[in-house]
Amino acid sequence: NPYAGLVSRLRAAWLWGRTRPMEYRVGQLEALGRFLDEKKQDILEATALDMGKPSFEAHFTEILLCKNHLNNTLNNLCHWMKDECVDKNLVTQLDSAFIRKDPYGVVLIIAPWNYPIHLLLVPLIGAIAAGNCVIIKPSEITKNTERLVAEMLSCYLDNDCFAVVTAGVQETTRLLENKFDYIFFTGTPSVGRIVMAAAAKHLTPLTLELGGKNPCYVSDTCDVQNTARRVAWGRFFNAGQTCVAPDYVLCSVEMQEKLMPALREAITEFFGSNPQESPDFGRIVGDKQFRRIRALLCSGRVAIGGQTDEKERYIAPTVLADVLPSDPIMQEEIFGPILPIVVVANMDEAIDFINARPRPLAIYAFSCDSKVVNQVLERTSSGGFCGNDTLMHTTLTSLPFGGIGNSGLGKYHGRFTFDTFTHHRGCLHRNMGLETLNALRYPPYSQQKLGLLTATFEIKRKGMCTLL
């Protein structure tokens, strides 16, 4: 295997204990911060070349949010790493019981192309903080960003413990043949199944950050203008190439008629009368992706936008009205700047529509009535939820981010990233003396011993509690 030597080299460094001291982890994290600061312009230029990512969007997602995760980790790492004391029973009162935060070992992070720096570095921050050695594989689809990471990141990190692998599908398949102690994958459900099957051969634990069709219910009791702006921003940010973007709108026919002019106004406000000329609207990442998304325009009727330019890989911010559940655009995640609207009679029908489909990465609900938003939250299931806005829940390091069911397995962001890459090791350190206390559990057994054992080990149920 072409990667066996690399994995062995990193494993040797981990077994030696090189990545375990807190000072080492802090040093490597601070080096990541210098990479973001010193290569900021290179990152902006690479993402612009790869997918026409506007400088504002790249700075916000690839630089600022990464720095937030980094600084949050540096601010809290000392506390996160500490042994966690736990409750003890009567027999172990004089002993030490705690949870030790151990690194897994050698971990693999496979990143996607849509946020090629953010979705690579945020899990890497947690993996380093937890004390692991790491192999990272940036996406081969965003060539310029891949080259930047491969050539520059090694100048900042310890090459004995961290490595960048540039690989296509065949090479990644060979990479996955190696035994890793943890795998973190962000991508599509179809590829996620392949990664999970490879991990199963070595019984390797993993996190799968996948995607899905994120529903957005818009009730009749919403502020139409604000809703249109927030939905349009979330759908067309990064030219729609965001895993948590609202994938389709569910609303009544009356709300569809109100929403349409408000969406048109918001799109014009954001990108001008000709979004193709706007410096604030990105492009589709590749020809294959462009052709797939363009083919989805046949669903429903084009109410706004619909223009395309294959040479530029440009697809206008588009809204499709009167889309049917059976239309092609409702059969797959769009991952592009198209927003279909599906008409439902009411909130109950919208909830039934959502629950009849695989559980998504995010659900959005808009209403001036908080009871409506809470109903959607309580009666559905998804990786995350955001009421009266889109995408913004992902900016909080205090909230876990991850999918459920078809949209993923596991969670990260902030403390949750550290925990994801940490083995929580249950430890009990007993006193060598006081052997008389242990006689209760030794043969020969008796009913008297069992009674005394029950009295010392039993956990009794407390009074009932009520959730407020």
* Within segment 354-466, which strands (runs of 3 or more DSSP E) (wholly inside it) include 1 or more residues that are among the polar types (S, T, N, Q)? -> 422-429
* To do: Check Val149, Val122, Val164 and return the single one that is touching a residue at least 40 places away in the same chain (Cβ under 8 Å), among the β-branched types (Val, Ile, Thr) and touching a strand residue (DSSP E or B) at 6+ places or on another chain (Cβ under 8 Å).
  => Val122
* Structure fact -> Within segment 237-274, residues being part of a loop (DSSP other than H, G, I, E, B) and in contact (Cβ under 8 Å) with a residue 40 or more places away in the chain number 8
* Structure fact -> Scanning segment 301-345 for residues that are within 21 Å of Pro279 (Cα to Cα) and in a loop (DSSP other than H, G, I, E, B) gives Gly305, Gly306, Gln307, Glu310, Lys311, Glu312, Arg313, Ala316, Pro317, Phe335, Gly336, Pro337
* Structure fact -> Among strands (runs of 3 or more DSSP E) completely within segment 85-188, the ones holding 1 or more residues that are aromatic (Phe, Trp, Tyr) and assigned by the TED database to the domain that holds Gly52 are 96-103, 162-164, 182-186
* To do: Output the qualifying pairs, or none if there are none: Cβ atoms under 8 angstrom, residues six or more apart or on different chains, first residue in segment 318-345 and among the acidic types (Asp, Glu), second residue assigned to a strand (DSSP E or B).
  => Asp322/Arg301; Asp322/Ile341; Asp322/Val343; Asp327/Pro340
* Asked: Counting just the residues of segment 263-284 that are open to solvent by less than 10 Å² (accessible area, probe 1.4 Å) and in contact with a Lys or Arg (Cβ under 8 Å, 6 or more places away or on another chain), which one comes out farthest from Lys311 (Cα to Cα)?
  -> Ala266
* To do: Considering only segment 66-86, state which residues are of a type in the set (A, V, I, L, M) and open to solvent by less than 20 Å² (accessible area, probe 1.4 Å).
  => Leu70, Leu77
* Of the numbered conditions (1) of a type in the set (S, T, N, Q); (2) farther than 30 Å from Glu312 by Cα; (3) open to solvent by 40 Å² or more (accessible area, probe 1.4 Å), Thr19 fails exactly one; give the number of that condition. => (3)
* To do: Would you be able to say whether some residue in segment 239-247 is among the charged types (D, E, K, R) and either within 23 Å of Arg357 (Cβ to Cβ) or crowded, with 20+ Cβ neighbours inside 10 Å (or both)?
  => yes
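The values are calculated or read from the model by the stated rules, or taken from the named source; none is laboratory data. Given the structure is predicted, the values throughout are model-derived calculations rather than measurements. Cβ sites come from the backbone with ideal geometry, for glycine too, and all protein chains shown count toward neighbours. Accessible surface is based on the protein model in full, side chains and every heavy atom, while ligands, DNA and RNA are left aside. Shrake-Rupley method; radii C 1.70, N 1.55, O 1.52, S 1.80 Å.
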